[in-house]
Amino acid sequence: MGRLARAEGNLYDRFIEPVMDKAFEILDEKVKSSRESNASSKMAAILIIREMAINAPTYFFHKLNSFRELIVKVLKDPKKEIRFAAIAALRASLTIVAQRETNIHNVHGSHDEENETKRYYRELLREAKTMLTKDEEVRGGIMIIIEMLRTATMRHELLVYEENCFGGPEKISLLKLIGLSSLEMETACLIHGQDPTDISLLYDMPKNVFGEEGHHFSQQCQKLIKEYEPGENINNFIKIGQGIERVLQRNHKNAEVQFLLTEVLPRLAAFDSSTFQEYFLSETFRYLTSQARNFKPTGLVSPKAFLAIGQIAYSMQDGIICYIDKIFTVIKPYIPNPSELAKYRRSINTQVEGNVLQLISLLAKATKDNFHTSICDCIDGMLWMTLTKALTDCLAVLHANVPAVKNKIQDGLLNIFSRIIMNLPYVKDDKPYSEPVDWSAPTDVTSKLLAIKTIGEFKFDDKLLKPFITHLAKEYLNDSNSEIRRETAKTCARKLIPCVKATDAGVSMVGARVYSPHTMMTDVLTKLLAVVVADPLAEIRLATLREFNTDFHKQLALSENIQSVGLSLEINTLLFSPYIMLLTKPASDAVPGSE
């Protein structure tokens with residue numbers, strides 16, 4: 001039906017308008033009736049209206065007031081599925097209003113339309129503040145506020161994106177490149193599941209990050225939330241915060257209310273961190289730390305309370321320092337004691353562990369060096385937790401932001417990876433690394449993949465990686481598992497770059513042992529070129545070739561290597577030629593006497 005709404009001409013006039021009118025009529029009728037049997041009709045009407053809003057926005061805009069009156073009533077429905085469908089429709093309507101607002105500013109739009117958008121935001125906010133005062137309606141009120149904050153700022157969405165995509169240096173640098181403009185326009189949005197290094201994506205507001213409706217920033221909505229009502233000495237933001245604070249103080253036992261509170265509190269903190277800190281931070285932390293302490297895997301309390309604490313801490317930055325000791329009272333129960341690993345593994349809950357690790361990451365980003373006193377005693381325990389992507393990401397953040405624990409994290413991870421990849425203890429300065437008695441390295445493929453990938457992405461001291469890269473090239477480039485071959489090739493190529501540079505410059509690298517980088521570099525590069533030529537899977541050959549950046553040009557120009565590059569071009573002409581031509585021209589330029 002949504003696709004039909006995109007059609008033009010007679011189909012639109014004969015079909016879409018009557019369907020929209022009928023959906024509004026049915027929804028109005030069913031809202032007035034409280035019978036249980038109306039649920040399916042109500043749901044169908046809401047879904048149709050949402051599709052019409054997304055696909056026929058011009059017609060929908062004329063029904064905006066009718067929609068608002070109905071959707072506020074639907075958000076009071078006792079059925080969770082209907083409320084969630086209603087909030088999806090509300091999100092679509094807010095997108096339309098924000099788009100109209102942009103058009104009004106960019107073109108000589110109608111003054112009436114501008115007043116209409118302002119009135120829509122104002123009436124929604126008024127309804128939300130009223131709903132917060134009634135226990136049976138509080139869920140709908142919080143949902144409306146979440147959507148309005150989402151429309152008024154993108155800070156929280158960017159933070160969630162950064163936490164979900166951490167791992168590659170390109171992603172982090174791109175987030176820094178974006179920054180946050182005064183209006184925080186949609187150019188700050190990134191796309192999940194697509195190449196985040198593609199700058200062009202920043203100027204095309206994606207739908208798959210924020211749902212099918214997309215996301216549009218509204219300056220009018222932002223101004224309304226900051227606005228002082230006539231005769232009032234506090235603005236709407238403080239009024240919203242006071243309403244949410246009263247909900248916190250009522251200590252709702254409803255799991256949905258608890259979940260929605262963990263969603264709205266970080267958004268309030270991101271919208272205006274200084275005001276939030278002055279008025280609401282103390283009560284917020286009292287509530288969230290209580291929720292985190294009372295968490296039980298089989299209970300009703302959501303583990304998202306841990307993540308909400310971290311997101312608020314990130315918004316507060318240094319303002320959170322005085323709360324760190326209180327926050328650590330909810331973190332430490334989930335960090336194992338190295339002498340009690342067996343007991344820890346029996347009680348582990350991976351969902352809450354992931355949220356706790358994200359909390360630690362966000363605290364490290366917010367407080368930097370000020371975090372080292374609190375986290376230092378936990379590092380040993382963290383290193384013996386179950387190896388997961390969440391753990392390695394957390395340790396990477398600590399490694400980058402807390403210099404005092406950098407060496408301890410590096411040595412601990414290298415020991416774990418040495419056990420997983422080489423089945424040998426890690427030796428540094430001729431001393432083996434100390435391990436808990438009952439710890440044993442995982443041997444599954446997933447752990448090996450994670451270890452290999454982390455070596456490639458983590459900023460280890462390059463001098464310590466020679467035995468790892470040599471072993472990976474020798475043992476894993478021909479592994480039967482295609483994913484292991486792919487990650488091994490990418491990791492070896494990335495970590496070979498310092499050796500390539502040192503060889504080109506004629507410099508010796510010195511680590512625990514003195515050695516020439518040339519031998520290692522030549523051996524590993526030869527094996528990588530063999531992968532480019534001979535690996536049975538074309539995607540692995542291509543992935544390896546893509547890792548040969550400009551740092552490799554001089555080495556690829558050598559006679560023993562240029563032959564492999566040429567052979568690869570001959571074997572994979574159609575698929576690889578664009579990449580090989582990018583390599584061969586600069587490489588040929590590096591050959592003495594070539595033209």
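Summed over all non-identical Cα pairs, the Kirkwood treatment of the stretch 209-286 gives a radius of 14.0 Å.
With 32 Å as the limit, the listed pairs K253/K368; K30/K253; K332/K453; K408/K448 have K253/K368 beyond it between alpha carbons.
Converting phi to 3J(HN,Hα) with the Karplus coefficients 6.51, -1.76 and 1.60 and the offset θ = phi - 60°, the stretch 328-335 yields 5, 5, 9, 7, 4, x, 9, 9 Hz in sequence order, with x at every glycine or proline. The simple spin-label model puts a point 7 Å past each Cα toward its Cβ; for D135 and A404 those points are separated by 4.6 nm. Protein-only accessible surface at a 1.4 angstrom probe places the residues S374, S418 in the order S374, S418, largest first. Using R0 = 22 Å, the C-beta based FRET efficiency linking E229 and S274 works out to 0.60.
Take I321: with every protein chain present and a 1.4 Å probe, its accessible area is about 70 Å².
For D377, D77, D479, the ranking by accessible surface with the largest value first comes to D377, D479, D77, using a 1.4 Å probe.
For the stretch 383-498, the convex hull spanned by the alpha carbon atoms encloses 106 Å³ per residue.
For the set S66, S315, the ranking by accessible area, highest first and with no ligand, DNA or RNA atoms included, is S66, S315 under a 1.4 Å probe. Could you tell me what % of all Cα pairs in the stretch 367-423 have separations over 13 Å? Summing the P(r) tail past 13 Å for the stretch 367-423 gives 59 percent. Close amide H contacts of K428 (hydrogens built in the peptide plane, cut-off under 5 Å, sequence separation of 5 or more or a different chain): Y433. With every protein chain left in place and a probe of 1.4 Å, what is the accessible surface of V257, to the nearest 10 Å²? Counting only protein heavy atoms, the figure is 0 Å².
Taking the average, over residues, of other Cβ atoms within 10 Å as the packing measure, peptides 141-147, 382-388 rank 141-147, 382-388 from highest down. Placing a label point 7 Å from the Cα of R250 along the Cα-to-Cβ direction, the residues of the stretch 52-81 whose backbone N falls under 19 Å from that point are 72-80. In this structure Y433 has an accessible area near 60 Å², from a 1.4 Å probe over the protein heavy atoms.
The values are calculated or read from the model by the stated rules, or taken from the named source; none is laboratory data. Since this is a predicted model, take the numbers as computed values, not measurements. Backbone-built Cβ (ideal geometry, glycine too); neighbour counts: all protein chains shown. Calculation scope for accessible area: heavy atoms of the full protein, side chains included, ligands and nucleic acids excluded. Shrake-Rupley method; radii C 1.70, N 1.55, O 1.52, S 1.80 Å.
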